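The values are calculated or read from the model by the stated rules, or taken from the named source; none is laboratory data. Being a predicted model, the structure only gives us computed values, none of them experimental. A quick note on method: Cβ atoms are made from the backbone with ideal geometry, for glycine too, and the neighbour counts reach across all protein chains shown. When the accessible area is computed, the model is the full protein with side chains, heavy atoms only, and any ligands, DNA or RNA have been set aside. Shrake-Rupley method; radii C 1.70, N 1.55, O 1.52, S 1.80 Å.
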Amino acid sequence: MLETGLLAAELVEEGRIEAEAAGEGVLDTLVKKGSLDSSVVTMAKATYFGVEPVNLSEIRISDEAIALIPRHVAKKFSAIPVGQSDSGAVIVALSDPSDIDAVDGLRHALNRDVELRVTSSADIESALGKFYGGGSGSGRDDGGIAKMIQDITEGEVEVTGLKGDVNEDGEAVDADAPIIRLVSQVIVDAFKKRASDIHLEPLAKRFRLRFRIDGVCVEQPDLPKRLQAPILARLKIQSGMSIAERRIPQDGRINTNVGGKTIDLRVNSIPTQHGESICMRILDKSGLKLGLAELGFFADDQATFERLIGLPDGILLVTGPTGSGKTTTLYSCLNYINRPDRKIITVEDPVEYMLAGINQVQVHEHIGFTFAAALRSMLRQSPNVIMLGEIRDLETATIAINASLTGHLVFSTLHTNDAPSAVTRLIDIGVKPFLVASSARCFMAQRLVRKVCKNCGAAHVLPEKDAKVLGITAEQLAQGTPRLGKGCSECNKTGCRGRFGIFEIFVVNDEVRRLIFDKVPSNVLRKKALELGMRTLREDGTRKVLAGLTTVDEVVRATVSEH
């Protein structure tokens, strides 16, 4: 016993000396050296401070929980939100529960009570990288943008808005000017990380940069606040906007080449309190997958949908919020039915992707060339198939429905929460119920969910509470093969890579037509659709969870419970 005590004393003293030299805690130093197991230290801290221990690598932390603490707060206090208590307090994991400054700082920053959990420093570091970015476990590439920012900062570069070979004052500049290279690097990094959007957001003391990857915003290294004006000017000039106008929103477009691929960026600027916020939607023409199978249909739904889009006339509407993949679905439909004996015309605002063999028309509302005007003109072009980017008003809806009643197949989109609500929406904007009943062939609602990473996905036993949320029975679980991504370099430690659709297909038959003609409420239509075999979005998502394609969290996030 005496020898053990002496060895322990020597170990602690050695750790203390190294800890003082490194400026860190004794226990952390001993854990790094391998002299102590981190789980033992965590349990000791939990017992001493009366705080519940937690292993962050063994629990699932939802996106809603992560959203409780902003990135800069989590990084500053090395804190990971685990969830929310019944009382509304944020449950937070720390490696040192005795750090009063961190606890008080969190309470002040969040303006909420905090419930503590204790975990290891390694768990905290790994979770910060996984959920907030930074290090190898993030969606960030600190060797790209961060390195360039560091070079610019250290060089104390002073530049103004640039445009290739001239700046906004018309003076010649170096084509390799730092601001030009920095903006180009941002676009390149976003493309390499499969981002769909680039967000540059001026805040009070930060110039925030975020990429939307697989539908989720991931923070990147902040851009230098002092370079905010020249960076925004560079982007506005490059996309054809006026740099003199900062009071109203503007739209533009950038065409560039990344890694031998031509990509378009649809650029929008809007004035905010601390400067103009810019969002760039990345349109990768080469990366557009137009097969119906790639959209996420199961075989039975795909067969139903292929039959519907092969009809000679009628109107098919795809519904869902912005960013739910409606345009890609419409393009896939056109690609499927595109044959030399059919003339296909689209009216879009804007034309996002160029499709071979299809006549695509760009709306220009500022000169009076609206959706309705374009639709009237295209009917004189004798098309077989018409695709209308969106039905926005009575005039457009009336022309589209009349076209479907005169031998044309019409595809379009609506913003509604589910498929049956599309009927109510059309009637609300003024379309006669008998016209809707006569012309409609199908209403399809869709959402996008993230795929389980193919590289790190593994068999997963669904917890009872998750199965209960989706109404999964024991029999379904026995036959299913749920999977969960552990996190790897392929998926940036998120466990998910790529997205696909979940669908709600409402086929209009004679029974449904009679109900539409009688102008019944959408809940009655929904009940009838379910009786006829329509799967809800959540039910389709549940099938895909059981097939191991996505996760419970993704389906719950994207859908609304039926109960």
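One table, with the values for the structure above:
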item: Candidate set: region 378-406, residues that are in a loop (DSSP other than H, G, I, E, B) and under 16 Å from L426 (Cβ atoms); chosen: the one least open to solvent (accessible area, probe 1.4 Å); result: I391
item: Neighbours by Cβ (under 7 Å, 6+ apart or cross-chain): first from region 363-378, in contact (Cβ under 8 Å) with a residue 12 or more places away in the chain; second open to solvent by 20 Å² or more (accessible area, probe 1.4 Å) and part of a loop (DSSP other than H, G, I, E, B); result: V363/D349; V363/T370; F371/R392
item: Residues located in region 526-544, provided they are in contact with a strand residue (DSSP E or B) (Cβ under 8 Å, 6 or more places away or on another chain) and either of a type in the set (A, V, I, L, M) or open to solvent by 60 Å² or more (accessible area, probe 1.4 Å) (or both); result: A529, L532, M534, R535, L537
item: Set V560, V520, V556: member being under 15 Å from V469 (Cα atoms), assigned to a loop (DSSP other than H, G, I, E, B) and either out of contact with any strand residue (DSSP E or B) (no Cβ under 6 Å at 6 or more places or on another chain) or among the basic types (K, R) (or both); result: V560
item: Counted residues, region 407-424 - those being of a type outside the set (A, V, I, L, M, F, W, C) and surrounded by 20 or more Cβ atoms within 10 Å (Cβ to Cβ); result: 7
item: Residue tally, condition without any contact (Cβ under 8 Å) to a residue 24 or more places away in the chain and among the hydroxyl-bearing types (S, T, Y), over region 479-535; result: 0
item: Subset of region 208-235 that is assigned to a helix (DSSP H, G or I) and among the charged types (D, E, K, R) - its residue that is most open to solvent (accessible area, probe 1.4 Å); result: R226
item: Some residue of region 364-376 being open to solvent by 20 Å² or more (accessible area, probe 1.4 Å), in contact with a Ser or Thr (Cβ under 8 Å, 6 or more places away or on another chain), β-branched (V, I, T) and more than 20 Å from L426 (Cα to Cα); result: no
item: Members of region 188-207 found to be in a helix (DSSP H, G or I) and open to solvent by 10 Å² or more (accessible area, probe 1.4 Å), listed by number; result: V188, F191, K192
item: Test: I345 is surrounded by 21 or more Cβ atoms within 10 Å (Cβ to Cβ), out of contact with any His (no Cβ under 8 Å at 6 or more places or on another chain) and over 19 Å from G291 (Cα atoms); result: yes
item: Candidates R447, R499, R441 - the one that is in contact with an Asp or Glu (Cβ under 6 Å, 6 or more places away or on another chain), under 22 Å from S332 (Cβ atoms) and surrounded by 17 or more Cβ atoms within 10 Å (Cβ to Cβ); result: R499
item: For V452: the one exception among (1) modelled with pLDDT of 90 or more; (2) open to solvent by 20 Å² or more (accessible area, probe 1.4 Å); (3) closer than 26 Å to A127 by Cβ; result: (2)
item: Among the candidates A547, A558, residue that is open to solvent by less than 40 Å² (accessible area, probe 1.4 Å) and either closer than 30 Å to L462 by Cα or within 19 Å of the chain's Cα centre (by Cα) (or both); result: A558
item: Residue that is outside any helix (DSSP H, G or I) and crowded, with 20+ Cβ neighbours inside 10 Å, where the choices are I61, I69, I91; result: I69
item: Test set (1) part of a helix (DSSP H, G or I); (2) touching a residue at least 40 places away in the same chain (Cβ under 8 Å); (3) over 22 Å from A293 (Cβ atoms) - G541 fails condition number; result: (3)
item: Count of residues meeting criterion [within 24 Å of S87 (Cβ to Cβ), open to solvent by 60 Å² or more (accessible area, probe 1.4 Å) and within 28 Å of the chain's Cα centre (by Cα)] in region 99-129; result: 2
item: Matching residues, region 215-272, being at positive phi and free of Cβ contacts under 8 Å to residues at least 24 places away in the same chain; result: G240, G260
item: Segments classed as strands (runs of 3 or more DSSP E), wholly inside region 236-342, with at least 3 members that are more than 30 Å from K544 (Cβ to Cβ); result: 250-258, 261-272, 275-284
